[in-house]
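Scroll down for the structure; my scribbles are underneath it.
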Amino acid sequence: MNKQIQVLRLARYFIIYGYKHNLFLKKLIKEWDDPKDIITRCAQMQVNMNNNYMVAITVIVKMLTLHCKHPKKYRDKTSDGISYCMNCNSDL
Ligand SMILES: [Zn+2]
């Protein structure tokens, strides 16, 4: 279960990184304001690529987190403060 938490943390980091990177690129694209410019096109390509990666990572995060369908009464916390399901032992 510890590895699952590490993967989720890494995935969240990449989603936040992609979002911040896109904000930066969109600001530059707006400043250049020239759709024919090669740098603007490269930046736009990078934004599209980041969006694709973020969608893929979001799907992975959902696959790792949404498999527990037990009611809330089965939830408990470990000594580290991480909540988990007592029925199927998955992290929440
Ligand atoms: Zn469960």
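A few points about this structure:
- Per residue, the average separation of C-alpha pairs within less than 8 Å and at least 6 apart gives the chain a relative contact order of 27 percent.
- The chain, helix-only ellipticity at 222 nm - DSSP H runs n ≥ 4, -39,500 (n - 2.57), divided by all residues, nearest 500: -23000 deg cm²/dmol
- Contour excess over end-to-end distance, with Cα ends at Asp37 and Tyr53 and 0.36 nm allotted per residue: 3.3 nm
Read-outs throughout are calculated quantities, based only on the coordinates presented, and are distinct from any laboratory measurement. The structure presented is a predicted model; accordingly, all values stated were derived computationally and were not measured.
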